[in-house]
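Written out below as structure tokens is the structure these notes cover.
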Amino acid sequence: MKMRKNIVAGNWKMNLTPAEGVALINEIATFNPAISGNNQVVFCAPFTHLSEVNKAVASWGNAKVLVGAQNCYYQPSGAYTGEISLDMLMACGVSAVIIGHSERRLYFAESNELLRLKVDAILAKQLMPIFCCGEPLEIRNANTQNEYVAAQLQESIFHLNAAEIIKVVIAYEPIWAIGTGVTASTQQAQDMHAFIRSLLADKYGADVANEITILYGGSCNAANAKELFSQADVDGGLIGGAALKAESFVAIINAMNG
Ligand code: PEP
């Protein structure tokens, strides 16, 4: 039986005002989606929304619904204008942090090396890193996606020991599928997830690999979530556009196995 967590995480990106975000969570709660057992839901909101989002999540009253951030800085404090520390995030009720989203790699030049520092800092605070990886279209077209994703993992998270890596959630997001309406086929998603799990098994052993949650991201929506999540190595999703509407996000939550 599968013991690892299933997670549906909504990545709001730079969308919604704080009031709109709170209204969205309240609306989602009225649908009363089943979130129990091994299933969790995470709302990854902009920094400015986190305190209000945390209150809305608290009033929902389901311990399996969490607040997440979309980024962090790894230093604890200091002269880093515009950056946000993990203590600041924790003070707003954050328990998960997305790192290495392809938009941050592309527009803000985040490197595998920087992400390695971020993952260490997040784990040191006992928070859940949601580590994003995934290849651009030209790499997929050249059929070198496995090597590309393997290097991302090796350079950013494979320095961790087994007790640490088991706490990392990996989100595989093929860049050509993010926000494009083009979803990876269930077979493409499963193949990459199985490959990632095989890399984890080679390094940490099968028991550790089987504990690690691997999410799919890239135009996952209400219509395709069930089929994607039914794949053996797909443990939920990191959801962009479809996380901004209650009906679609609830349908995706309800598509989680568990
Ligand atoms: C994302 O940004 O992580 C994402 C998967 O976006 P979308 O669902 O809109 O493709």
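The values are calculated or read from the model by the stated rules, or taken from the named source; none is laboratory data. Every value quoted in this text rests on a predicted model; they were computed, and no experiment measured them. In this analysis, Cβ positions are derived from the backbone assuming ideal geometry, glycine residues included, and neighbour counts consider all displayed protein chains. With ligands, DNA and RNA removed, areas are computed over all heavy atoms of the protein, side chains included. Shrake-Rupley method; radii C 1.70, N 1.55, O 1.52, S 1.80 Å.
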Taking only C-alpha positions in segment 198-258, Rg and Dmax in angstrom work out to 13.2, 40
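Considering only Cα-Cα distances, which of the following residue pairs are longer than 23 Å: LYS55/LYS226; LYS203/LYS226; LYS5/LYS125; LYS2/LYS125?
Beyond 23 Å between Cα atoms: LYS55/LYS226; LYS203/LYS226; LYS2/LYS125.
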Under a 1.4 Å probe, what is the accessible area of the chain per residue, stated in Å²?
42
Volume per residue of the C-alpha convex hull in segment 108-196, rounded to whole Å³:
110
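Please compute the net charge surrounding SER102, taking Lys and Arg as +1 and Asp and Glu as -1 over other residues with Cβ under 12 Å from its Cβ. Walk me through the intermediate numbers first.
Numbers: positive: LYS13, ARG104, ARG105; negative: GLU103, GLU110, GLU135, GLU173.
Taking every Cβ under 12 Å from that of SER102, the sum is -1.
Taking each full run of DSSP H in the chain as one helix, which ones are at least 20 Å long along their axis (Cα atoms) and have mean Kyte-Doolittle hydropathy of at least -1.0?
Details: long enough: 186-204 (26 Å, -0.51).
Passing helices, by number: 186-204.
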At q = 0.14 Å⁻¹, work out log10 I(q)/I(0) for segment 13-138 with the Debye formula, treating every Cα as an identical point scatterer and leaving solvent out; two decimals please.
-0.64
Amide proton proximity set for GLY237, modelled H, under 5 Å, gap of 5+
ILE7, VAL8, ALA9, TYR216
Within the chain, what whole-number % of the accessible surface is contributed by carbon and sulfur, with the 1.4 Å probe and all protein chains included in the calculation?
54
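Can you tell me what percent of all Cα-Cα pairs in the chain are more than 33 Å apart?
12
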Just add up the charged neighbours of LEU160: K/R +1, D/E -1, any other residue whose Cβ is under 10 Å from the Cβ of LEU160.
+1
Sum -39500 (n - 2.57) across every DSSP H segment of at least 4 residues in the chain, then divide by the residue count to get the 222 nm mean residue ellipticity, nearest 500.
-12000 deg cm²/dmol
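Taking the highest mean first, how do the peptides 147-153, 181-187 order by number of other beta carbon atoms within 10 angstrom per residue?
Result, highest mean first: 147-153, 181-187.
What is segment 135-258 by shape, rounded, prolate or oblate, if you read a ≥ b ≥ c off the alpha carbon gyration tensor as root eigenvalues and call it rounded for a/c under 1.5, prolate for a/b larger than b/c, and oblate otherwise?
Details: a/c = 2.03, a/b = 1.35, b/c = 1.50.
In terms of gyration-tensor shape, oblate.
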